[in-house]
């Protein structure tokens with residue numbers, strides 16, 4: 001049996017139907033969550049899961065727009081500096097990236113400095129720091 005994926009716009013997907021009682025209940029729950037009279041933990045697990053997936057999907061669908069808006073805000077923030085202050089600020093950031101990369105455990109200092117500096121361009125107002133990870137990498141035998 002072959003499964004054909006529907007188009008991204010939803011063409012080809014079937015429309016789900018529920019009873020009018022279920023629709024009224026879901027609508028009441030939705031408005032209860034919105035006005036604070038119902039807490040998420042009060043809902044059945046399946047509805048809670050649907051709600052949480054919807055929230056996460058909504059957030060992730062805006063990630064690229066948020067990233068671009070942050071970059072634009074940072075660009076405008078940098079434009080508010082005078083030419084000399086902007087140059088000094090950017091050179092100081094590049095120097096900080098080079099300092100972080102100038103460690104004995106870094107194989108190629110210039111490549112590492114450039115990588116850290118480029119990664120920092122998404123948060124130009126924050127200090128440059130080494131990337132951190134909360135994940136522990138373990139080798140599997």
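The values are calculated or read from the model by the stated rules, or taken from the named source; none is laboratory data. Please read all numbers here as calculations on a predicted model, not as lab measurements. Positions of Cβ are generated from backbone atoms using ideal geometry, with glycine treated the same way; all protein chains shown enter the neighbour counts.
Looking at residue 91, is it exposed (fewer than 12 other Cβ atoms within 10 Å of the Cβ), assigned to a helix (DSSP H, G or I) and assigned by TED's automatic domain parsing to the domain that holds residue 118? Quick ask: steps written out before the conclusion?
On the way: exposed (fewer than 12 other Cβ atoms within 10 Å of the Cβ): yes; assigned to a helix (DSSP H, G or I): yes; assigned by TED's automatic domain parsing to the domain that holds residue 118: yes.
Yes: the conditions hold for residue 91.
Would you mind finding the one in 67, 28, 52 that is within 30 Å of residue 123 (Cβ to Cβ), free of Cβ contacts under 8 Å to residues at least 24 places away in the same chain and surrounded by 11 or more Cβ atoms within 10 Å (Cβ to Cβ)?
Working: 67 fails: free of Cβ contacts under 8 Å to residues at least 24 places away in the same chain; 28 fails: within 30 Å of residue 123 (Cβ to Cβ).
Just a single option satisfies the conditions, and that option is 52.
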